[in-house]
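The values are calculated or read from the model by the stated rules, or taken from the named source; none is laboratory data. In this text the structure is predicted, and so the values were computed from the model without any measurement. Neighbour counts run over all protein chains shown; Cβ positions are idealised from the backbone, glycine included.
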Amino acid sequence: MSIKSYSCILSILFALGLTACNQSAPTDNAPTAKADGQAGTFVGCYSVEKNSPAQIKVSKQAGSFVMQMKEPDGAKTLWDNPEPLDEISVDKAWDYFGVNALSLDKSDVERVLARPDEMMVLAKVKDASQNINPLLDSAYVVYIFKGANTIYQVPCDETPVDIIKDGEKKVQAFYQ
């Protein structure tokens, strides 16, 4: 090998070494894209029916999740007072979703929020599970007082909802 070739190889190795030195090694405490994106996993509005006005709003206040329900049409405010939500483990959530008609398995659930009174539990389903399970036509599943079903993330809106009147119309249409 000539001195010129040797010098060229050393120059290349030196340049590669400088490039590598400028790259910092990843650390365990560095935020990841997934961790940054998880804060917004639940933030938004939800409805138990596709393409209908929002009925539930989840937001973050002072670093914690809260939920609000839409007040009935004619109320002084559109949304009720914020109620706290707690993040719970998938194992604990399985107390609510263990029996369901969605062929949902514990391994399908990514993250879970619950009201402290346990009247509502909201689960984010893993994308892969939603893609392979035809019964999961939404990325979210909700348990509301003794029953589990899909719930849809919808745009937040300011449309008043007459839950009783609108519900009666839907029941009547179902039986016609």
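Looking at the structure I just gave you, is Gly74 at pLDDT 65 or above, loosely packed, with under 10 Cβ neighbours inside 10 Å, in a loop (DSSP other than H, G, I, E, B) and more than 19 Å from the chain's Cα centre (by Cα)?
Spelling it out, Gly74 is indeed at pLDDT 65 or above, loosely packed, with under 10 Cβ neighbours inside 10 Å, in a loop (DSSP other than H, G, I, E, B) and more than 19 Å from the chain's Cα centre (by Cα).
If you check Val66, Val112, which single one turns out to be of a type outside the set (S, T, N, Q), in contact with a Lys or Arg (Cβ under 8 Å, 6 or more places away or on another chain), assigned to a strand (DSSP E or B) and surrounded by 19 or more Cβ atoms within 10 Å (Cβ to Cβ)?
Val112 is the lone residue from the list that is of a type outside the set (S, T, N, Q), in contact with a Lys or Arg (Cβ under 8 Å, 6 or more places away or on another chain), assigned to a strand (DSSP E or B) and surrounded by 19 or more Cβ atoms within 10 Å (Cβ to Cβ).
I'm told Cys156 meets every condition in (1) over 14 Å from Gln55 (Cβ atoms); (2) modelled with pLDDT of 90 or more; (3) not aliphatic (A, V, I, L, M) except one. Can you identify the failing condition by its number?
(1)
Return the residues of region 111-126 that are in contact with a helix residue (DSSP H, G or I) (Cβ under 8 Å, 6 or more places away or on another chain) and either in contact (Cβ under 8 Å) with a residue 24 or more places away in the chain or under 15 Å from Asn149 (Cβ atoms) (or both); say none if nothing qualifies.
Arg111, Val112, Ala114, Val121, Ala123, Val125
Give the residues of region 77-98 that are without any contact (Cβ under 8 Å) to a residue 12 or more places away in the chain and assigned to a loop (DSSP other than H, G, I, E, B), sorted by residue number.
Thr77, Gly98
I need the full set of residues from region 44-63 which are among the polar types (S, T, N, Q), surrounded by 12 or more Cβ atoms within 10 Å (Cβ to Cβ) and over 14 Å from Tyr140 (Cβ atoms), in order please.
Ser52, Ser59
Filter region 103-120 for residues that are out of contact with any Pro (no Cβ under 9 Å at 6 or more places or on another chain) and within 20 Å of Ile132 (Cα to Cα) and give the result.
Residues satisfying the conditions are Leu104, Asp105, Lys106, Ser107, Asp108, Val109, Glu110, Arg111.
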